[in-house]
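Participant: The structure that follows is given in the form of structure tokens.
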Amino acid sequence: MEDREKPSLAAIIFCSVLFIAGSLAALLWFFYRLFDVFWGELSEFEVFDKGSFYMLGVGIGMLVLAIDIVQEGWFGKPLSNKQAAYLTKMALIGVALMFTVPHLIHYCADNYLLKRGYSVCEEASHQWRFVRDIAYIQPSVECSADLKDK
């Protein structure tokens, strides 16, 4: 692989900034939504956005790629075997978290909200493929499909 063409400086800078910004945005969104569900102020109508919790794994995966690009592209140093093994493990952990964390947090949030008197409003909930928005309402709110617009 020593004879491969080296990417341009613009491509290295653009990709590294893209992956760093993407990883930070994904991780910030994950922690923002986590805080919002468990420690934020609850209203009469809450929506649990399960798709937001995939961002932990996405953020870790993008951070691994950013580290690789910065070390090899900016500093011109190839990854050592130890670094490559560590980054590979981190990438695999990121993928595993993408598939486990949303379900674990959904389970915890469901218990948390149900204990606070909320109930699931199926008419206002929405699912697209594997991403689901679950509407929780207080007893004072009437469950209807019109709540989707709020």
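Participant: Examine region 73-82 for a residue that is assigned to a helix (DSSP H, G or I), at pLDDT 90 or above and out of contact with any Asp or Glu (no Cβ under 6 Å at 6 or more places or on another chain), and state whether such a residue exists.
Facilitator: Looking through region 73-82, at least one residue is assigned to a helix (DSSP H, G or I), at pLDDT 90 or above and out of contact with any Asp or Glu (no Cβ under 6 Å at 6 or more places or on another chain).
Participant: Name the residue, out of K50, K6, K82, K77, that is surrounded by 17 or more Cβ atoms within 10 Å (Cβ to Cβ) and among the basic types (K, R). Please lay out each step first, then the result.
Facilitator: On the way: K6 fails: surrounded by 17 or more Cβ atoms within 10 Å (Cβ to Cβ); K82 fails: surrounded by 17 or more Cβ atoms within 10 Å (Cβ to Cβ); K77 fails: surrounded by 17 or more Cβ atoms within 10 Å (Cβ to Cβ).
Answer to the selection: K50.
Participant: Hey, could you check region 42-52 for residues that are of a type outside the set (F, W, Y) and in a strand (DSSP E or B) and say which is farthest from R116 (Cα to Cα)? Spell out the reasoning first.
Facilitator: Let us first name the residues in region 42-52 that are of a type outside the set (F, W, Y), namely 42-44, 46-47, 49-52.
Next, from what is left, pick out any that are in a strand (DSSP E or B): 46-47, 49.
Working: E46: 12, V47: 14, D49: 18 Å.
Step by step, filter region 42-52, then rank; the result is D49.
Participant: Working carefully through the options A91, A109, A96, find the one that is within 27 Å of A26 (Cβ to Cβ), surrounded by fewer than 16 Cβ atoms within 10 Å (Cβ to Cβ), modelled with pLDDT of 90 or more and small (G, A, S). First the steps, then the outcome.
Facilitator: Values: A91 fails: surrounded by fewer than 16 Cβ atoms within 10 Å (Cβ to Cβ); A109 fails: surrounded by fewer than 16 Cβ atoms within 10 Å (Cβ to Cβ).
Result: A96 is the single residue among A91, A109, A96 that is within 27 Å of A26 (Cβ to Cβ), surrounded by fewer than 16 Cβ atoms within 10 Å (Cβ to Cβ), modelled with pLDDT of 90 or more and small (G, A, S).
Participant: Could you list, in sequence order, all residues of region 53-72 that are without any contact (Cβ under 8 Å) to a residue 40 or more places away in the chain and either under 16 Å from G94 (Cβ atoms) or outside any helix (DSSP H, G or I) (or both)? Write out each step before concluding.
Facilitator: Taking region 53-72 and keeping what is without any contact (Cβ under 8 Å) to a residue 40 or more places away in the chain, we get 55, 59-61, 64, 67-68, 71-72.
Within region 53-72, M55, G59, I60, G61, V64, I67, D68 meet the criteria.
Participant: Would you pick out the residues in region 3-59 that are under 30 Å from E123 (Cα atoms) and touching a Cys at 6+ places or on another chain (Cβ under 9 Å)?
Facilitator: Across region 3-59, the qualifying residues are V37, F38, F45.
Participant: Under 6 Å between Cβ atoms, which residue pairs at least 6 apart in sequence (or on different chains) link something in region 92-110 that is under 15 Å from S52 (Cβ atoms) and touching a residue at least 24 places away in the same chain (Cβ under 8 Å) with a partner that is charged (D, E, K, R) and in a helix (DSSP H, G or I)?
Facilitator: Within 6 Å, the pairs are P102/K50; H106/K50.
Participant: Given the condition at pLDDT 95 or above and of a type in the set (A, V, I, L, M), answer yes or no: does some residue in region 28-45 qualify?
Facilitator: Yes: one or more hits.
Participant: Anything in region 88-139 that is under 20 Å from the mean Cα position of the chain (by Cα), under 25 Å from S43 (Cα atoms) and of a type in the set (V, I, T)? List them, or say none.
Facilitator: The answer is V101, I105, V131, I134.
Participant: Continuing with the same structure: Which condition number in (1) in contact with a helix residue (DSSP H, G or I) (Cβ under 8 Å, 6 or more places away or on another chain); (2) closer than 25 Å to L24 by Cα; (3) aromatic (F, W, Y) is the one that F75 fails?
Facilitator: Of (1) in contact with a helix residue (DSSP H, G or I) (Cβ under 8 Å, 6 or more places away or on another chain); (2) closer than 25 Å to L24 by Cα; (3) aromatic (F, W, Y), only one is false for F75: (1).
Participant: For residues that are surrounded by 16 or more Cβ atoms within 10 Å (Cβ to Cβ) and touching a Lys or Arg at 6+ places or on another chain (Cβ under 9 Å), tally how many sit in region 120-135.
Facilitator: 5
The values are calculated or read from the model by the stated rules, or taken from the named source; none is laboratory data. This is a predicted model, so every value here is computed, not measured. Please note: Cβ atoms are built from the backbone with ideal geometry, for glycine as well, and neighbour counts cover all protein chains shown.
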